[in-house]
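Asks: Dropping the structure in here first, questions after.
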Amino acid sequence: MHYNWNWRIFWELSPDGVHTYWDTLLSGLAWTLATSLAGWAMALALGIAVGTLRTAPNRWLRRLAICWVEVFRNIPLLVQMFLWFFVLPELLPRAAGDWLKALPNAPFVTAVLCLGFFTSARVAVQVAAGINALAGGQGLAALALGLSRAQAYRYVLLPLGLRIVLPPLASEFLNIIKNSSVALTIGLMELTASARSMQEFSFQFFEAFAAATVIYVIANLIVVAGMTLLERRLALPGTLGEAQGARRAA
């Protein structure tokens, strides 16, 4: 098959007559990062809360947290994206559903919600594992010092547990960046959708997706470098987090 390579395509005008194809890819990258960061902030907040409940002494709270995790972890992300975008507005009261569908950035809002809830279930499992990895005596020592259970979680268990699970949390951050590409199915012009739009108009398939691939790799490498520095900064002497940081540095 004969293919006409054209790497200058990035500096040619896109169909809007104003921006180049390179501008289109950068715009897609901006939407990808905005969606990923907003979804990650939501996932981290919910995941810490649900993960903490998974280790709570109250069995009903533990069961509630387990249900949360199993629901959002076991339904495919693409199915959840469709449910949030197409089904949820129809289930809400008519006025609320119409308002949701009329939002100027409805695909962005939907993608953030979907990625946030989906990733929160995975973060919750990591947080619970980090807390359970601590020696049981630490929580009891905190209670013996007069701290309430909530204070023991806030000042002892969560700070130490989160340090232990920083590496898997970094992997979840990388996953949410890659998973944001699913949002193209609901019309969000993130990076993958921008590359697809470029190849449809220019017929330069390989150039468009090669550029998108390189941009994804660079973005993820920056995240890995940032999380590695964070691990070293937060590692405590004599803890599992310090050993993990030393292995990564080696």
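Asks: Which angle from 0 to 90°, rounded to the nearest 10, does the C-alpha axis of helix 166-179 make with the longest principal axis of the chain?
Replies: Around 30 degrees separate the two axes.
Asks: Once you put a point 7 Å from the Cα of ARG149 and another 7 Å from the Cα of VAL71, both along the Cβ direction, what distance in nm separates them?
Replies: Label at ARG149, label at VAL71, 2.3 nm between them.
Asks: Match the structure shown to one of the listed values (i) -0.69, -0.98, -1.12; (ii) -0.42, -0.72, -0.97; (iii) -0.62, -0.92, -1.08 of log10 I(q)/I(0) by the Debye sum over Cα atoms at q = 0.10, 0.13, 0.15 Å⁻¹, computed from it, and give that label.
Replies: (iii)
Asks: Considering only protein heavy atoms and a 1.4 Å probe, what is the carbon-and-sulfur percentage of the accessible area of the chain?
Replies: 67 percent
Asks: Still on this model: For Cα pairs less than 8 Å apart in space and 6+ apart in sequence, what is the mean separation divided by the residue count of region 65-139, i.e. the relative contact order in percent?
Replies: 44 percent
Asks: Express in nm, to one decimal, how much length is gained between LEU83 and LEU140 on full extension, taking 0.36 nm for each residue of separation and deducting their alpha carbon distance.
Replies: Between LEU83 and LEU140, full extension yields 16.2 nm more.
Asks: Next question, about the same structure. Return one number: the angle in degrees, 0 to 90 and rounded to the nearest 10, between the long axis of the Cα atoms of helix 106-133 and the longest principal axis of the Cα atoms of the chain.
Replies: So the helix axis and the longest Cα principal axis differ by about 30 degrees.
Asks: Between ASN4 and ALA41, what is the label-to-label distance in nm when each label sits 7 Å out along the Cα-to-Cβ direction?
Replies: In this crude spin-label approximation the distance works out to 4.6 nm.
Asks: Then there is this: Please determine, in degrees from 0 to 90 and to the nearest 10, the orientation of helix 191-202 with respect to the longest principal axis defined by the Cα atoms of the chain, where the helix direction is its Cα long axis.
Replies: The answer is roughly 10 degrees.
Asks: Work from the charge dipole of region 26-144 (Cβ charges, +1 for Lys and Arg, -1 for Asp and Glu, about the Cα centre) and give the residue of MET42, ALA141, LEU103 farthest towards its positive end.
Replies: Comparing the listed Cα positions along the dipole, ALA141 ranks first.
Asks: So, in nm, how far is label ASN58 from label LEU229 when the simple model puts each one 7 Å beyond its Cα toward the Cβ?
Replies: In this crude label model, ASN58 to LEU229 measures out at 4.1 nm.
The values are calculated or read from the model by the stated rules, or taken from the named source; none is laboratory data. Computed from a predicted structure; not experimentally measured. Cβ atoms come from the backbone with ideal geometry, glycine included; neighbour counts cover every protein chain shown. Heads up: the accessible areas ignore ligands, DNA and RNA and are worked out on the full protein's heavy atoms, side chains in. Shrake-Rupley method; radii C 1.70, N 1.55, O 1.52, S 1.80 Å.
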